[in-house]
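Just below is one structure, and these are the notes that go with it.
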Amino acid sequence: MERFGVTEEQIFNQRLDDNYIRLMKFLIARARMYYQRAKRGVPMLDTSARLPVQSSLDCYGKILDKIEENGYDSLTKRAYVGKWEKMFITLFSWYRTTDVANFLPMDDNKSHTSEWTDEELQ
């Protein structure tokens with residue numbers, strides 16, 4: 001928080017400003033980097049563990065999208081994925097864990113760019 005000029009007082013007072021938005025952008029980029037790394041390991045898991053891990057990665061990734069849609073305001077707005085959307089995401093997560101997905105991969109249709117390098121996100 002210090003790196004971005006965000007204080008505990010600001011958080012407690014739910015004060016959204018450019019510093020807080022920049023912090024959230026950084027944290028979202030960092031989370032996405034770790035999710036991307038974790039996705040590479042899903043095929044290495046036991047078959048029974050793949051779906052829970054993949055669906056968690058996909059659902060939590062969607063929450064990051066919701067935070068962005070809320071203008072990075074995680075102080076006064078709740079970022080959530082509804083029940084039906086989770087069910088839909090889980091269906092695609094299941095597909096990603098099947099052998100068929102190796103031959104017919106799904107495009108996520110959303111590329112997330114970051115202004116930070118992987119080293120800066122560590």
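The values are calculated or read from the model by the stated rules, or taken from the named source; none is laboratory data. Everything numeric in this text was worked out from a predicted model, so none of it was measured. With ideal geometry, Cβ positions are generated from the backbone for all residues, glycine too; neighbour counts draw on all protein chains shown. Areas reflect the complete protein model, heavy atoms only, side chains present, ligands, DNA and RNA absent. Shrake-Rupley method; radii C 1.70, N 1.55, O 1.52, S 1.80 Å.
Which of the residues belonging to segment 35-87 are of a type in the set (Ser, Thr, Tyr) and within 30 Å of Gln10 (Cα to Cα)? Selection gives Tyr35, Tyr60, Tyr72, Ser74, Thr76, Tyr80.
When segment 78-95 is filtered for residues that are open to solvent by 70 Å² or more (accessible area, probe 1.4 Å), of a type outside the set (D, E, K, R), in a helix (DSSP H, G or I) and free of Cβ contacts under 8 Å to residues at least 24 places away in the same chain, the ones remaining, listed by number, are Trp84, Met87, Phe88, Leu91.
When Phe103 is tested against (1) out of contact with any helix residue (DSSP H, G or I) (no Cβ under 8 Å at 6 or more places or on another chain); (2) at pLDDT 95 or above, exactly one condition is not met: (2).
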